[in-house]
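What follows is a single structure, written as structure tokens, with notes after it.
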């Protein structure tokens, strides 16, 4: 099972689309003992722990104690990377994957996150490489109205010092649209949709010209499904095999929703890990959708709460359908390269383990 372990709800940033830095008080900090956590985790034969927040690196000693207590667990980290270089190298090298929050070009990242963040993030990713980190470094973008998806993804792909192994993005479409967007429809029509189409075409162009498969995370696993025809359930795993352990010991289906009662499905004191498996799935209209077999339902929280209303929910789904359509169009070219022996289907089988990339933006 996969556990997002919320080390704190506090953050050292106050990003435009999140406001996590406003969290304060005793309810933001872990209230259970490490022994309590161990009694729960040790009943799982194959635990994977994602260090999560808030910002987990403001609780590095706590992170290290968890890693020491569970030497056989697989570890992931999701971080804004501002304090990444404060983790002792022996510990940082134990992470299978590190998801680094960076939103694209410097002015876009700093515009969302605060001045100077972009350069500090890159400096600390360089540090990762210098200390010998060999795991998967993922640039995880939050995409909102100032984003040009083509230019910002392309920028991160083209960086060489430091180099990111993969690029992933999530659309800023969970919380209330009124405060986050001035013209979502126009942005999707004029910027996002044409940008995705251009990225998809050039992604396959480079395969043909250079034999290189660029690490665009939403593209890789969706192309793998299109090539193999293997259906997928909710790709982030929320409510299926992926859960959040909140600071009070409650277990939720998703780390972003501790304040919604529907999302709490147990606690570390009384719940056995296997009782959680497949405890919650998406509702209609997802299971009846024509792309459900490849999308899997996009977002369990959005499916249950629909904070954008029914119309907004469907608008976001339309962006996913467009993404899938663009990739379907490229399948013949990819199959041709596989048939010639220049690529393999397995080259698209990403991630090796659920690493916190939700896959569907």
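A few notes on this one:
- Only helices enter this figure: runs of n ≥ 4 DSSP H residues, each worth -39500 (n - 2.57), summed and divided by the residues of the chain, yield -11000 deg cm²/dmol at 222 nm to the nearest 500.
- Helix 149-158 vs. the chain, principal-axis angle (Cα, 0 to 90°, nearest 10): 80
- The chain: most fluctuating residue of 144, 97, 33 per GNM, C-alpha cutoff 10 Å: 33
- The packing ranking of peptides 44-53, 297-306, 283-292, 66-75, highest mean first, is 297-306, 44-53, 66-75, 283-292, where packing means the average number of other beta carbon atoms within 10 angstrom of each residue.
- Pair-distance distribution of segment 35-99: all C-alpha pairs, bin width 5 Å, starting at 0; shares per bin in whole percent are 4, 17, 31, 26, 14, 7, 1.
- Relative contact order of segment 30-100, pairs being alpha-carbon contacts under 8 Å that are 6 or more residues apart, as %: 32
- Sorted by Cβ density within 10 Å, fewest first, the residues 123, 352, 106: 352, 123, 106
- Ranking of 243, 95 by count of other Cβ atoms within 10 Å, fewest first: 95, 243
- The angle between the Cα long axis of helix 219-228 and the main principal axis of the chain comes to about 70°, on a 0 to 90 degree scale.
- Placing one equal scatterer on every Cα of segment 119-185 and applying the Debye formula, the log10 ratio I(q)/I(0) at q = 0.12, 0.22, 0.29 Å⁻¹ is -0.40, -0.94, -1.31.
- Angle in degrees between helix 193-210 and the longest Cα principal axis of the chain, rounded to the nearest 10: 80
- Based on the convex hull around the alpha carbon atoms, segment 234-283 presents an average projected area of 3.4 nm².
Read-outs: derived from the displayed coordinates by stated rules, not from any lab. Everything quoted here is computed from the prediction, not taken from an experiment. Note that each Cβ is placed from the backbone with ideal geometry, even for glycine, and that neighbours are counted across all protein chains shown.
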